[in-house]
Amino acid sequence: MPPQTAVQAAATPQATEDYMPLNGIDHVELFVGNAKQAAFFYTRAFGFQLVAYSGLETGARDRASYVLRQGRIRLVLTGALGSDSPIAEHQHKHGDGVKVIALSVPSVDDAWREATLRGAEGVVEPHAISDEHGTVRLATIKTYGETVHTFVERGEYAGAFLPGYTAMSDGSEDTGMLLALDHIVGNVEHMDPWVKYYEDVFDMKEMLHFTDEAISTEYSALMSKVVTSGNGVVKFPINEPAEAKRKSQIDEYLEFYEGPGAQHLAVATRDIVATVAELRRRGVEFLDIPDAYYDEVPARVPEVQDILADLRAQGILVDRDDDGYLLQIFTKPVGDRPTVFFEVIERHGARGFGDGNFKALFEALEREQDRRGNL
Ligand code: FE2
């Protein structure tokens, strides 16, 4: 195949051709110890709807996968059916964690060619899978740790998820609380090579640059850079631990995940007060925020004065940047290990990630870390 982007670039030298157009995040697949029970947790606690399944009954021999939907978010929960499975190996090492961040692309073949040309390590070459509902093209490349990106080209595919999956319902419904993935954060030992990876391979741009001064307390610190796709739809903050008196939250993750991996999935909501109240009612646990945090909120973000009591009652954090403000909250880790968690975010113009809240977040996280004896 001819190097199409080079040809086009030559024709219009000024054009800033996006060689890696991304439609968005197609799905996120977690490898877990017990997919059936994880599906129960994410449907009942987080308000997802079970929509598809793959397992022994559908011809899969090594795994069971449950596909959940809420708004535009698609989570796939996959567990192993035998001890010699790479899924079991992954779960044994990392605990429950994100294996695949799948990206919807216009052309899997183009995405694969451009990515591998620019230094991405391939895992699975472009291939088609089909069933009576149509054909989907897929290819997979590596990213940080054992995490991978799968390119997905759905075309006109009309099945429940992917060929090999059957539509399934368990009575759970899309509660409409969570609308879309806002960003997915990776924790790594050294962020700069991974920022460069996303710049080179995905043509992403660095969006903001936090320093360890901005995101630190006396005892814990991190550094973070955010890369974003050309259309701004896909945002990947990358964290690394920074020097502090005691172990950083990122170090704790790296220790218990036994390597780099996805730290949190941030999901957008339209009404964070109602959403968090409902998630709490359903059993989701959130980080405790010191009450004193709210004393300074009206001065920082006067727009939220009217709902301050609700924000305080639910433990929702508030931050602002030049473009507006945002409301956010972090769950406790969703598994046994202090690794993966969720964020719920409601944006009012702000394009940042709540760096003004890092100090409050850190203080909250450190209290949790201290209780686990890991500070
Ligand atoms: Fe976040």
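The values are calculated or read from the model by the stated rules, or taken from the named source; none is laboratory data. Since this is a predicted model, take the numbers as computed values, not measurements. A quick note on method: Cβ atoms are made from the backbone with ideal geometry, for glycine too, and the neighbour counts reach across all protein chains shown. With ligands, DNA and RNA removed, areas are computed over all heavy atoms of the protein, side chains included. Shrake-Rupley method; radii C 1.70, N 1.55, O 1.52, S 1.80 Å.
Which of the residues that make up segment 19-68 are open to solvent by 50 Å² or more (accessible area, probe 1.4 Å) and in a loop (DSSP other than H, G, I, E, B)?
Result: Pro21, Asn23, Gly33, Asn34, Gly59, Arg61, Asp62.
Could you list, in sequence order, the residues of segment 157-211 that are hydrophobic (A, V, I, L, M, F, W, C), farther than 21 Å from Ala52 by Cβ and part of a strand (DSSP E or B)? Please lay out each step first, then the result.
Step one: list which residues in segment 157-211 are hydrophobic (A, V, I, L, M, F, W, C), which gives 158, 160-162, 167-168, 177-181, 184-185, 188, 191, 194-195, 201-202, 204, 207-208, 210.
Filter again for farther than 21 Å from Ala52 by Cβ, leaving 184-185, 188, 191, 194-195, 201-202, 204, 207-208, 210.
Selection gives Ile184, Val185, Met207, Leu208.
Can you tell me which residue is surrounded by the most Cβ atoms within 10 Å (Cβ to Cβ) among those in segment 291-350 that are of a type in the set (A, V, I, L, M, F, W, C), within 16 Å of the ligand (Cβ to nearest atom) and in a loop (DSSP other than H, G, I, E, B)? Don't jump to the end; show me each part of the working.
Going through segment 291-350, the residues of a type in the set (A, V, I, L, M, F, W, C) turn out to be 292, 297, 299, 301, 304, 307-309, 311, 313, 316-318, 326-327, 329-330, 334, 340-342, 344-345, 350.
Restricting the remaining residues to those that are within 16 Å of the ligand (Cβ to nearest atom) gives 316-318, 326-327, 329-330, 334, 340-342, 344-345, 350.
This time we only want the ones that are in a loop (DSSP other than H, G, I, E, B), so: 316, 334, 340, 350.
Numbers: Ile316: 25, Val334: 22, Val340: 23, Ala350: 22.
Residue satisfying both the conditions and the ranking: Ile316.
Hey, Arg44 hits all of (1) touching a helix residue (DSSP H, G or I) at 6+ places or on another chain (Cβ under 9 Å); (2) farther than 21 Å from Gly159 by Cβ; (3) in contact (Cβ under 8 Å) with a residue 60 or more places away in the chain but one; which does it fall short on?
(1)
Scan segment 127-144 residue by residue and report those that are part of a strand (DSSP E or B) and either at positive phi or under 24 Å from the mean Cα position of the chain (by Cα) (or both).
Of everything in segment 127-144, those that are part of a strand (DSSP E or B) and either at positive phi or under 24 Å from the mean Cα position of the chain (by Cα) (or both) turn out to be Gly134, Val136, Arg137, Leu138, Ala139, Thr140, Ile141, Lys142.
Looking at segment 178-196 only, could you name the residues that are under 17 Å from the mean Cα position of the chain (by Cα), open to solvent by 10 Å² or more (accessible area, probe 1.4 Å) and away from the ligand (no atom under 15 Å from the Cβ)?
Correct list: Leu179, Trp194.
If you check Gly164 against the conditions, is it at pLDDT 95 or above, under 28 Å from Asp96 (Cα atoms) and more than 22 Å from the chain's Cα centre (by Cα)?
yes
Do any residues in segment 288-300 that are not assigned by TED's automatic domain parsing to the domain that holds Arg367 have Cβ atoms under 9 Å from those of residues that are hydroxyl-bearing (Ser, Thr, Tyr) and not in a helix (DSSP H, G or I), where the two are at least six apart or on different chains, and which pairs are they?
none
Test Phe286 against the criterion of being within 16 Å of the ligand (Cβ to nearest atom), buried (at least 19 other Cβ atoms within 10 Å of the Cβ) and over 27 Å from Met204 (Cβ atoms), and give yes or no.
yes
Consider segment 249-272. How many of its residues are among the hydroxyl-bearing types (Ser, Thr, Tyr) and either away from the ligand (no atom under 16 Å from the Cβ) or touching a helix residue (DSSP H, G or I) at 6+ places or on another chain (Cβ under 7 Å) (or both)?
Keep residues of segment 249-272 that are among the hydroxyl-bearing types (Ser, Thr, Tyr), which gives 253, 257, 269.
If we keep only those that are either away from the ligand (no atom under 16 Å from the Cβ) or touching a helix residue (DSSP H, G or I) at 6+ places or on another chain (Cβ under 7 Å) (or both) as well, we get 257, 269.
Result for segment 249-272: 2.
Quick check on my filter: what residues within segment 235-248 are farther than 19 Å from Gly24 by Cα and either of a type in the set (A, V, I, L, M, F, W, C) or within 13 Å of the ligand (Cβ to nearest atom) (or both)?
First pass over segment 235-248, keeping only residues farther than 19 Å from Gly24 by Cα: 239-248.
Correct list: Asn239, Ala242, Ala244.
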